[in-house]
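Chemist: Just dropping this structure here.
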Amino acid sequence: MSSTHLKGLALLAGVAMSLALAPAARALQMVTTSLSEPMNLQATVSTFDCENSPGPWINFEGAVTLGGMNVQMIFRNNINKDVHTLVEDIETVVGVSAGTTIRIPKQPSHPFEGGAGTGVGGNPWISIQIVDTNGNPLSGEVLLGRCVQGAFASSVDFSATVIGQAIIETLDCTNNPGPHINVSGSMSVSPGIKARIIFRNQRTAGAPHEAIAMADVTLFSNGFAFSFPKQPVLGGVGGNPWISVRFADPAGQPIGTETLLGRCVQLLPGN
């Protein structure tokens, strides 16, 4: 046998040994769902230079508080929910905690866009509304007052579309203490969210001779994400249960549909 042939066999043996010693690939399952997330904006809007030209200027700052999002891991010994022997265990992972608050730093002064020649005047009525980055309203308009009143504090409740993502890593399927799983994930804002400051020469929308101008402030850019770290979950209905995932609000009420992943052993690395 030639030395070249021997070297080739040795190389193949080395590759085979490396593959044998390499750790099994991680078995990760990803569940993604579009959700409606309740939010609240607490904002301070300050106005100055309430003149006809160039028009009012504003300062904006505030905070957005989130309703929260959890992930529920559901373990069942049977997927037929009508059987008398059904055993179900629901374990909750806190994803984004209720009351999580994101500060919106003071924005540089914003000019009254579109004010020149619109006839809105130097002392318009001012409202605030939450919209997405496509311009779709997420709340009604909240009237603040007239420009010369100077500073306004407002609270606006709204709901926005977010993408919930859960990453499931199955580690073990033993009977005692039960399947061992890690859960991590994120909640991302899509589309983005803006606070729209609306200036009108009339207090009532649609009034005769109405003139309108607006200034937008970005609260969350499109894709802004709240991530949550890996957390262990231990199920308690035997060693090889059926495993499902769903999202829920902090009160435990399901949001969206349940996703069946399969039997525990099907989710282990290498399967």
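The values are calculated or read from the model by the stated rules, or taken from the named source; none is laboratory data. Not measured: the values here are computed from a predicted model. Ideal geometry is used to build each Cβ from the backbone, glycine not excepted, and the neighbour counts take in all protein chains shown. Ligands, DNA and RNA are stripped out before the accessible areas are found, and what is left, the full protein with its side chains, is counted by its heavy atoms. Shrake-Rupley method; radii C 1.70, N 1.55, O 1.52, S 1.80 Å.
Chemist: Being in contact (Cβ under 8 Å) with a residue 24 or more places away in the chain and among the charged types (D, E, K, R) is the filter here; which residues of region 233-271 pass it?
Modeler: If we filter region 233-271 for residues that are in contact (Cβ under 8 Å) with a residue 24 or more places away in the chain, which is where we start, we get 233-250, 252, 254-261, 264-265, 267-271.
The answer is ARG246, ASP249, GLU258.
Chemist: Which of the following residues is at positive phi and surrounded by 14 or more Cβ atoms within 10 Å (Cβ to Cβ): GLY256, GLY239, GLY252? Talk me through it step by step, then tell me what you get.
Modeler: Numbers: GLY239 fails: at positive phi; GLY252 fails: surrounded by 14 or more Cβ atoms within 10 Å (Cβ to Cβ).
Checking each option against the conditions leaves just GLY256.
Chemist: In this structure, is GLY164 at positive phi, in contact (Cβ under 8 Å) with a residue 24 or more places away in the chain, of a type in the set (Gly, Ala, Ser) and touching a Ser or Thr at 6+ places or on another chain (Cβ under 7 Å)?
Modeler: On the way: at positive phi: no; in contact (Cβ under 8 Å) with a residue 24 or more places away in the chain: yes; of a type in the set (Gly, Ala, Ser): yes; touching a Ser or Thr at 6+ places or on another chain (Cβ under 7 Å): yes.
Spelling it out, it is not the case that GLY164 is at positive phi, in contact (Cβ under 8 Å) with a residue 24 or more places away in the chain, of a type in the set (Gly, Ala, Ser) and touching a Ser or Thr at 6+ places or on another chain (Cβ under 7 Å).
Chemist: Against the conditions (1) open to solvent by less than 80 Å² (accessible area, probe 1.4 Å); (2) modelled with pLDDT of 85 or more; (3) part of a strand (DSSP E or B), where does GLY99 fall short? Just the number, please.
Modeler: All conditions pass for GLY99, except number (3).
Chemist: Let me ask another. Please find, within region 60-96, the residue that is least open to solvent (accessible area, probe 1.4 Å) out of those that are free of Cβ contacts under 8 Å to residues at least 40 places away in the same chain and part of a strand (DSSP E or B). Give the derivation first.
Modeler: First, pick out the residues of region 60-96 that are free of Cβ contacts under 8 Å to residues at least 40 places away in the same chain: 65, 80-86, 90.
Subset that is part of a strand (DSSP E or B): 65, 90.
Numbers: THR65: 45, ILE90: 65 Å².
Checked region 60-96; the qualifying residue least open to solvent (accessible area, probe 1.4 Å) is THR65.
Chemist: Which ones in region 156-194 are of a type in the set (A, V, I, L, M, F, W, C) and at pLDDT 95 or above?
Modeler: Within region 156-194, the subset of a type in the set (A, V, I, L, M, F, W, C) is 156, 158, 160, 162-163, 166-168, 171, 173, 181, 183, 187, 189, 193.
Of everything in region 156-194, those that are of a type in the set (A, V, I, L, M, F, W, C) and at pLDDT 95 or above turn out to be VAL156, PHE158, ALA160, VAL162, ILE163, ALA166, ILE167, ILE168, VAL183, MET187, VAL189, ILE193.
Chemist: What's the total number of residues in region 222-232 that are open to solvent by less than 80 Å² (accessible area, probe 1.4 Å) and either of a type in the set (Val, Ile, Thr) or in contact (Cβ under 8 Å) with a residue 40 or more places away in the chain (or both)?
Modeler: Filtering region 222-232 down to residues open to solvent by less than 80 Å² (accessible area, probe 1.4 Å) leaves 223-226, 228, 231.
Now restrict to residues that are either of a type in the set (Val, Ile, Thr) or in contact (Cβ under 8 Å) with a residue 40 or more places away in the chain (or both): 226, 228, 231.
Residues flagged as open to solvent by less than 80 Å² (accessible area, probe 1.4 Å) and either of a type in the set (Val, Ile, Thr) or in contact (Cβ under 8 Å) with a residue 40 or more places away in the chain (or both) within region 222-232 amount to 3.
Chemist: Let me ask something additional. Give me a count of the residues in region 102-116 that are at pLDDT 90 or above and open to solvent by 60 Å² or more (accessible area, probe 1.4 Å). It would help to see each step written out before you state the result.
Modeler: Residues of region 102-116 that are at pLDDT 90 or above, as a first pass: 102-104.
So of that shortlist, the ones also open to solvent by 60 Å² or more (accessible area, probe 1.4 Å) come out as 103.
Qualifying residue count, region 102-116: 1.
Chemist: Which of the residues belonging to region 141-191 are of a type in the set (Val, Ile, Thr) and within 14 Å of the chain's Cα centre (by Cα)?
Modeler: Restricting attention to region 141-191, the residues satisfying the condition of being of a type in the set (Val, Ile, Thr) are 142, 148, 156, 161-163, 167-168, 170, 174, 181, 183, 189.
THR161, VAL162, ILE163, VAL189, listed by residue number.
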